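The next block holds one structure in the form of structure tokens; read it before the comments.
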Amino acid sequence: MHTLDPEKLPRHLAIIMDGNGRWAQERMLKRIVGHRKGVETVRYIVEESSRLGIGYLTLFAFSSENWLRPKTEVRSLMALLKRYLAGETPRMMANNIRFNVIGDREELPGDVERAVREAIDKTSGNNGMVLTLALSYGARRELLRAAAGLASDLAAGRVREDEVSENLFAGYLYTAGIPDPDLLIRTSGEMRISNFLLWQIAYSELYFTDVNWPDFGREEFYRALDNYQSRERRYGLISDQVRKRR
Ligand code: FPP
């Protein structure tokens with residue numbers, strides 16, 4: 001049926017999960033029902049990605065701007081997150097998944113922060129797929145934090161100016177040690193990056209689909225991966241050069 005080339009899967013897949021609210025509103029349901037349904041999609045995509053052998057999966061679950069949503073929605077999202085972590089940690093263990101978080105974790109409510117820490121600790125010995133949730137994450141803040149970290153190391157003499165490189169700078173980001181995404185998917189028809197992984201997606205392939213996140217199932221996922229496999233990644237070179245490098 002689906003003929004994916006296992007050699008050409010993205011090593012790192014990043015997803016902007018959008019459209020939970022619209023999915024619910026179109027059905028005259030409360031927005032939180034859309035988020036709950038979205039969690040089911042998260043479960044499926046996490047397990048299928050790990051089964052396929054994708055090395056890193058990064059999901060934009062809550063942006064630094066999402067705190068400005070109505071209090072009840074923020075509270076429900078946090079509760080959902082906590083429940084997800086409690087429910088999924090045993091499944092992450094069963095699937096050898098290592099859990100990770102990027103973002104301003106200290107802004108999370110205490111109980112959610114604890115649940116996050118527990119999931120990270122429990123799964124820290126796993127060596128399969130790395131699942132990263134972006135929580136209270138914003139790329140500009142991440143870049144500022146990195147710049148400040150580097151500036152302070154320069155000022156203290158821990159780093160010399162001639163040592164400053166793209167690689168060195170990347171080590172100051174939340175994503176230190178994680179390769180850049182090969183593919184970034186955004187659901188629900190919006191063609192924006194919304195302050196997600198701005199540094200890291202410099203050469204990523206972008207894939208947009210009109211489908212809302214709760215409806216992003218097997219068929220849509222495989223369509224996105226198929227589409228990715230049909231692309232030629234040139235990194236600024238011309239086709240002939242890329243073919244010779246292979
Ligand atoms: C976008 O839908 C989605 C979010 C703001 C958060 C994504 C959250 C989940 C999938 C559930 C919680 C996640 C985990 C991992 C437990 P939207 O509300 O922006 O939709 P809209 O644009 O249609 O309003």
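May I ask for the percentage of alpha-carbon pairs in region 1-67 that lie more than 15 Å from each other?
Taking all Cα-Cα pairs of region 1-67, the fraction more than 15 Å apart is 62 percent.
Please work out the average accessible area per residue across region 100-246, using the 1.4 Å probe convention, and give it in Å². Can you show the working numbers first?
Values: 7870 Å² over 147 residues.
Heavy-atom accessible area per residue stands at 54 Å².
At 0.36 nm per residue, minus the direct Cα-Cα distance, what do ARG234 and ASP121 gain on full extension? Give it in nm, one decimal, please.
Values: separation 113, 0.36 × 113 = 40.68 nm, distance 3.85 nm.
Result for the pair: 36.8 nm of gain on full extension.
If the cut-off is a Cα-Cα distance under 18 Å, which aspartates and glutamates reach LYS30, setting aside same-chain residues fewer than 8 apart in sequence?
Of all the aspartates and glutamates, those that pass the test against LYS30 - Cα under 18 Å, at least 8 places apart if same chain - are ASP18, GLU40, GLU73, ASP215.
Would you mind giving the average projected area, over all directions, of the Cα convex hull of the chain in nm² with one decimal?
Working: hull surface 62.2 nm².
The directionally averaged projection comes out at 15.6 nm².
Normalising by the residue count of region 114-201, find the relative contact order in percent from Cα pairs under 8 Å and 6+ residues apart. Don't skip to the answer; put the middle values down first.
On the way: 37 pairs, mean separation 32.0, N = 88.
Value for region 114-201: 36 percent.
Under the Kirkwood approximation for Rh and a Cα-based Rg, what ratio Rg/Rh is obtained for region 54-169? Present the calculation step by step, with values, prior to reporting the outcome.
Numbers: Rg = 16.7 Å, Rh = 15.9 Å.
Value, to two decimals: 1.05.
Could you list the square roots of 5 times each eigenvalue of the Cα gyration tensor of region 141-217, that is, the equivalent ellipsoid semi-axes, sorted largest first and rounded to whole Å?
With the √(5λ) rule applied to region 141-217, the semi-axes are 34, 12, 9 Å.
When Lys and Arg each count +1 and Asp and Glu each count -1, what net charge do the other residues less than 14 Å away from THR3, Cβ to Cβ, add up to?
Details: positive: LYS8, ARG223; negative: ASP5, GLU7, ASP226.
With Lys, Arg at +1 and Asp, Glu at -1, the neighbours total -1.
What do you get for GluC sites (Glu not before Pro) in region 5-78 restricted to DSSP loop and a cutoff of at most 13 other Cβ within 10 Å of the site's Cβ?
Working: sites: GLU7, GLU26, GLU40, GLU47, GLU48, GLU65, GLU73; in loops: GLU65.
Those satisfying the criteria are GLU65.
Normalised by the residues of the chain, what does the relative contact order come to in percent, with Cα pairs under 8 Å and at least six apart?
Working: 354 pairs, mean separation 66.1, N = 246.
Once normalised by length, the contact order is 27 percent.
With an 8 Å Cα cut-off and a minimum separation of 6 or more residues, compute the relative contact order for region 1-52 in percent. Provide the component values of the computation, followed by the final result.
Values: 20 pairs, mean separation 12.8, N = 52.
In percent, rounded to a whole number, it is 25.
Carbon and sulfur atoms: what percent of the 1.4 Å accessible area of the chain do they account for? Show your work: numbers first, answer last.
Values: 6490 of 13130 Å².
Carbon with sulfur: 49 percent of the solvent-accessible area.
The values are calculated or read from the model by the stated rules, or taken from the named source; none is laboratory data. As the structure is a computational prediction, the values presented were derived from the model and not from experiment. As a convention, Cβ positions derive from the backbone with ideal geometry for all residues, glycine included, and neighbour counts pool all protein chains shown. Surface accessibility is based on the protein's heavy atoms, side chains included, excluding ligands, DNA and RNA. Shrake-Rupley method; radii C 1.70, N 1.55, O 1.52, S 1.80 Å.
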